[in-house]
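First comes the structure, then the notes that go with it.
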Amino acid sequence: MKQYALAVIGGGASGMMAAVTAAARKECGSVLLLERGGRIGRKLLATGNGRCNISNRNAGRTGYHGAAPGFVRPAMERFTVEKTLRLFEEMGLPVIEEENGKLYPYSLQAAAVLDVLRLELERLGVEIHTDSEVESIRRIKDGSFRLAVQSGADRSEYAAKRVIVACGGEASAGLGGCNGGYRLLEGLGHRITPRLPGIVQLKGDMNGLKGLSGSKFEASLTLKDGQKVCRREDGELLFTDYGVSGPPVMQLSATASRLLDRGRKPVLEVDFLPQIAENALIGMLHRRAKARPDKRLEDYFTGFIPKRLGQCILKLSGAAPLSRLSGSLESHEIEAAARLLKCFPVQITGTNGMKNAQVTIGGADTSQFDPETMESKLVKGLYVTGELYDIDGDCGGYNLQWAWSSGQLAAVQAVDSLA
Ligand SMILES: Cc1cc2nc3c(=O)[nH]c(=O)nc-3n(C[C@H](O)[C@H](O)[C@H](O)COP(=O)(O)OP(=O)(O)OC[C@H]3O[C@@H](n4cnc5c(N)ncnc54)[C@H](O)[C@@H]3O)c2cc1C
């Protein structure tokens with residue numbers, strides 16, 4: 001049986017970063033990267049809609065959630081965003097910044113990120129075994145490990161002095177998400193906290209907005225739990241047949257997912273006209289009705305807001321039938337329409353589920369790991385990285401930055417411990 005200095009389980013973002021970091025250090029011996037899928041970095045190719053939002057200029061102390069979000073701090077301080085970008089630059093990948101600190105490869109292609117990582121793994125002589133699923137990890141008396149690996153019909157055993165578990169979370173099973181990492185850690189006595197979908201589309205009671213399915217609006221969204229404002233986000237809102245999607249919804253969704261799990265009934269309030277105050281809007285709507293009193297209500301909003309939205313709003317304001325004339329609009333109908341345009345309530349009934357989620361909320365209980373090293377407090381020589389932890393980041397590059405930082409820290413510490 002071949003003995004490796006380090007075995008990394010999982011060829012995703014954090015596993016590739018860990019393998020590259022370890023193999024780049026002269027004092028490290030052979031590095032093995034085991035991936036259950038047919039290729040490494042499959043999920044990475046799908047990130048950022050194929051453009052890979054590789055990091056975020058603001059990723060650091062804030063932007064992370066879980067039972068103990070401060071767990072990310074040492075890793076993020078050691079392998080900062082700047083250091084991450086420098087490493088990618090050295091590997092041949094320049095990066096550009098877009099709105100809200102979001103960082104992307106200059107080519108805007110996720111494939112470019114995977115390409116440079118793959119070339120680096122090759123250059124550094126990392127041994128990569130795909131179609132190789134680690135089924136169990138056993139620590140033996142001398143402190144090293146035995147990994148039981150299934151490759152198709154074959155079963156084999158690998159020996160490694162140190163092990164990094166970089167198996168990711170359950171989100172997006174179609175892109176490699178699975179519960180394999182949790183099972184491996186549970187087998188070693190680790191606690192796994194309950195999991196929920198995070199960064200995911202939300203299902204809602206569409207209250208007569210069904211006709212808007214497929215329409216996009218620049219809107220301001222407020223997620224509320226009763227009277228409490230939980231989070232506010234602006235951006236492009238997309239209505240779907242099941243509910244709502246789009247960047248601001250994805251950003252709010254982890255909070256909504258947690259509220260739903262606690263049996264709460266979160267409401268998303270949509271402001272379709274964030275630049276216009278409600279009183280000013282009421283005045284505008286009165287003037288509109290006066291200017292063209294003979295216009296049918298079906299065209300009352302035409303030229304101001306999308307026609308389908310206008311018609312939905314008027315119906316919900318009680319102004320039907322839309323064959324009525326604009327001049328017949330009563331003050332209370334105008335006020336109701338203005339209120340709905342400024343504060344349209346969408347009752348959130350669920351999320352679009354783990355298979356559509358971009359990140360997993362919950363995972364390996366961070367209190368059983370040392371944040372300074374990523375090493376298990378229960379099993380010496382075993383390290384964990386990335387999404388497998390009970391850590392989820394905001395939408396916008398935070399999750400990949402956590403994968404890079406935790407992967408880098410775990411590898412440095414694992415190699416140092418071999419000395
Ligand atoms: C559609 C989509 C878009 C996203 N876009 C972004 C984005 O733009 N920016 C951002 O910051 N984040 C994004 N994310 C989230 C980000 O991709 C993940 O948080 C990140 O990849 C986690 O890295 P990881 O190394 O922990 O896990 P992963 O990248 O999921 O890698 C884990 C790997 O381990 C393998 N594995 C699991 N179990 C075993 C086993 N037993 N044996 C061997 N191999 C195993 C899996 O097959 C997988 O390849 C997106 C996620 C999705 C699904």
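Coordinate-derived values only; no laboratory data. Quick caveat: nothing in here was measured; it's all calculated off a predicted structure. Glycine also receives a Cβ, built like all others from the backbone with ideal geometry; neighbour counts cover every protein chain displayed.
Computed on region 201-352, with alpha-carbon pairs under 8 angstrom and 6+ residues apart, the relative contact order is 31 percent.
The helix-based estimate of mean residue ellipticity at 222 nm for the chain, built from -39,500 (n - 2.57) per DSSP H run of four or more residues and divided by its residue count, is -9000 deg cm²/dmol to the nearest 500.
Between the DSSP loop rule and a limit of at most 14 other Cβ atoms within 10 Å, which GluC sites (Glu not before Pro) in region 301-336 are left? Walk me through the intermediate numbers first.
On the way: sites: 330, 333, 335; in loops: 330.
Qualifying residues, ordered by number: 330.
Take the Cα of residue 148, go 7 Å toward its beta carbon, and the backbone nitrogen atoms of region 179-200 under 17 Å from that spot belong to 180-190.
Remark: relative contact order (region 134-234) = 14 percent; criterion is Cα-Cα distance under 8 angstrom and separation of 6 or more residues.
Tell me the angle of helix 278-291 to the major Cα principal axis of the chain, expressed in degrees between 0 and 90 and rounded to the nearest ten. That works out to roughly 40 degrees.
For the chain, the longest principal axis of the alpha carbon atoms and the long axis of helix 81-90 meet at an angle near 60°. Specify the inter-centroid distance of region 225-297 and region 1-71, based on alpha-carbon positions, in whole Å. Using only Cα atoms, the two centres lie 38 Å from each other. Taking a Cβ cut-off of under 14 Å around residue 45, the surrounding Lys, Arg, Asp and Glu residues balance to a net charge of +3, with basic ones at +1 and acidic ones at -1.
For the chain, the relative contact order works out to 24 percent when only alpha carbon pairs closer than 8 Å and six or more residues apart are counted. In the chain, the DSSP beta bridges split such that about 75 percent are antiparallel, to the nearest 5. Note on residue 100 and residue 284: the extension gain reaches 63.0 nm, defined as 0.36 nm multiplied by sequence separation minus the Cα-Cα distance.
Using the Stokes-Einstein relation with a Kirkwood hydrodynamic radius computed over Cα pairs, the translational diffusion coefficient of region 201-352 at 25 °C and a viscosity of 0.890 mPa s comes to 155 µm²/s.
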